[in-house]
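Chemist: What follows is a single structure, and I will ask about it in a moment.
The values are calculated or read from the model by the stated rules, or taken from the named source; none is laboratory data. Everything numeric here is computed off the predicted structure, so don't read it as measured data. Cβ atoms come from the backbone with ideal geometry, glycine included; neighbour counts cover every protein chain shown. Ligands, DNA and RNA are excluded from the accessible area calculation, which covers all protein heavy atoms including side chains. Shrake-Rupley method; radii C 1.70, N 1.55, O 1.52, S 1.80 Å.
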Amino acid sequence: MHRARRTRDERGALSIEFLLVISALMLVFLVMLQYAVTAHAHRAAEVAAEEALAAASAYDGTAASGKQAGNHTLSDLGALSNTTVVVTRSGTTASATVTGDVEQLIPFLPVHVTVHIEGPVEQFVESP
């Protein structure tokens, strides 16, 4: 008795599998790269917020001088786009908030960074 065997034509299957694996690896690489770019941008925003807070919380500092220092730092670092720097100062505390958009490497995945820090305002105290 002779059985009829069905054979599948598997020509090209390796090429399709290769493309699927390469596509998955590229996606993983892009996600890792996006994470690195986001981490760098977050650190740049932290530095700008620290500079803004230092300028605003100085003894003779103002909210305007803090905002100017934050914007100047952001323009020097250049890691964010569409940035905003908001600085407030009261009698005892100052705060700085820096927001911006990170360079988008993965389509349809926008990444935003926000950093907010607060600190005391320097005050002159006479020694006894």
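Chemist: Applying the selection to the stretch 113-124, what residues are at pLDDT 85 or above, over 19 Å from Val85 (Cα atoms) and either open to solvent by less than 100 Å² (accessible area, probe 1.4 Å) or not charged (D, E, K, R) (or both)? Break it down stepwise before answering.
Modeler: Taking the stretch 113-124 and keeping what is at pLDDT 85 or above, we get 113-123.
Next cut, over 19 Å from Val85 (Cα atoms) only: 122-123.
Scanning the stretch 113-124 gives a single hit, Gln123.
Chemist: Take the conditions open to solvent by less than 70 Å² (accessible area, probe 1.4 Å), of a type outside the set (Lys, Arg) and under 14 Å from Thr97 (Cβ atoms) and apply them to Gly66. Does it pass?
Modeler: Values: open to solvent by less than 70 Å² (accessible area, probe 1.4 Å): yes; of a type outside the set (Lys, Arg): yes; under 14 Å from Thr97 (Cβ atoms): yes.
Here the answer is yes, as Gly66 does meet what is asked.
Chemist: Here's something else I'd like to know. When Glu46 is evaluated against the numbered criteria (1) farther than 15 Å from Pro120 by Cα; (2) buried (at least 18 other Cβ atoms within 10 Å of the Cβ); (3) in contact (Cβ under 8 Å) with a residue 60 or more places away in the chain, which criterion, by number, is the only one it fails?
Modeler: Here Glu46 meets the rest and fails (2).
Chemist: Within the group Thr84, Thr73, Thr38, which residue is closer than 12 Å to Thr114 by Cα, hydroxyl-bearing (Ser, Thr, Tyr) and open to solvent by less than 60 Å² (accessible area, probe 1.4 Å)?
Modeler: Numbers: Thr84 fails: open to solvent by less than 60 Å² (accessible area, probe 1.4 Å); Thr73 fails: closer than 12 Å to Thr114 by Cα.
When all the criteria are applied, what remains is Thr38.
Chemist: List the residue pairs whose Cβ atoms are under 9 Å apart, where the first residue sits in the stretch 76-92 and is more than 14 Å from Glu51 (Cα to Cα), the second is among the acidic types (Asp, Glu), and the two are 6 or more positions apart or on different chains.
Modeler: Ala79/Glu103; Leu80/Asp101; Leu80/Glu103; Ser81/Asp101; Ser81/Glu103; Asn82/Asp101; Thr83/Asp101
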